[in-house]
Amino acid sequence: MSNFSGFSRRAPLQTSVPRGDVLGRYASYTDAQAVINQLAKAEFDIKGVAIVGRELTTVEVVTARLSYGRAALSGATSGAWLGLFFGLISTIISPFSTQQIGIFFAAIVAGAGIGMIFGVVNYSIMRKRRDYAASSQLLAEHYDIIIAPGLTAKAHTILGTAASAHGVHAAPHVPTPSGTVESSESTESDAEGSDTERSDKAAK
């Protein structure tokens, strides 16, 4: 999932997973992208911020059962679009005339016929391996926004302000290490124990 922009240089290929603080964890790529858009609108330095998909899974969804009829129709449709493209080009570069109109429609018909032939031939070759059409996607279980440790606090402040003002996003949740949770729980239990001892001594 990468977007190319003609206004920026292509980023160098990553050789390892980006390191840094987890600004937030999101269920979809769109949610993570929206958070970065919020930071960018707030004039935050987003250079180097990364969206990392975790637990990648390949999903293939069957869309239809193939047959010679479907293959011919699909090939004819693709060929007709290609013929329409060439017909429009020939119409633009040549003066308008009745003959030119005939060439335009002939290009569409010829494209549909050639596409139909290619579709049937391709299906006859591929049907031994698979007799259905499907679409494939690479999805992640969740998406983490990785940010430089020095910018984490500022990013949280910006997102918290944006969330309260516009109600777009809640403040990003940063997973807390289990050791920290355990230590805080033990501290609370110790504090409760000391309060109990003090109350017993006061009663005596």
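Here are the numbers for the structure shown:
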| quantity | calculated |
| --- | --- |
| Residues (open to solvent by 90 Å² or more (accessible area, probe 1.4 Å) and either part of a strand (DSSP E or B) or within 14 Å of residue 32 (Cα to Cα) (or both)) located in the range 119-146 | 137, 138, 141 |
| In the range 44-79, residue modelled with the highest pLDDT [restricted to those that are loosely packed, with under 12 Cβ neighbours inside 10 Å and touching a Phe, Trp or Tyr at 6+ places or on another chain (Cβ under 6 Å)] | 62 |
| Matching residues in the range 46-77 - criterion: being in contact with a helix residue (DSSP H, G or I) (Cβ under 9 Å, 6 or more places away or on another chain) and farther than 25 Å from residue 34 by Cβ | 64, 66, 67, 68, 70, 71, 72, 73, 74, 75, 76, 77 |
| Residue list for the range 85-108, restricted to those being in a helix (DSSP H, G or I), aromatic (Phe, Trp, Tyr) and either open to solvent by less than 70 Å² (accessible area, probe 1.4 Å) or modelled with pLDDT under 85 (or both) | 104 |
| First in the range 139-157 and under 25 Å from residue 56 (Cα atoms), second anywhere and basic (Lys, Arg), Cβ under 6 Å, 6 or more apart | 140/54; 141/54; 142/25; 142/54; 144/25 |
| Candidates 170, 155 - the one that is in contact with a helix residue (DSSP H, G or I) (Cβ under 8 Å, 6 or more places away or on another chain), at pLDDT 85 or above, surrounded by 10 or more Cβ atoms within 10 Å (Cβ to Cβ) and not β-branched (Val, Ile, Thr) | 155 |
| The range 29-43: number of residues that are in contact with a strand residue (DSSP E or B) (Cβ under 8 Å, 6 or more places away or on another chain) and open to solvent by less than 40 Å² (accessible area, probe 1.4 Å) | 3 |
| Residue in the range 58-65 that is among the basic types (Lys, Arg), touching a residue at least 12 places away in the same chain (Cβ under 8 Å), part of a strand (DSSP E or B) and more than 18 Å from residue 146 (Cβ to Cβ) present | yes |
| Qualifying positions in the range 72-99 - of a type in the set (Phe, Trp, Tyr) and farther than 27 Å from residue 121 by Cβ | 96 |
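The values are calculated or read from the model by the stated rules, or taken from the named source; none is laboratory data. Small disclaimer: the values here were computed from a predicted structure and weren't measured. Heads up, the Cβs are rebuilt from the backbone with ideal geometry, glycines too, and the neighbour counts pull from every protein chain shown. Accessible surface is based on the protein model in full, side chains and every heavy atom, while ligands, DNA and RNA are left aside. Shrake-Rupley method; radii C 1.70, N 1.55, O 1.52, S 1.80 Å.
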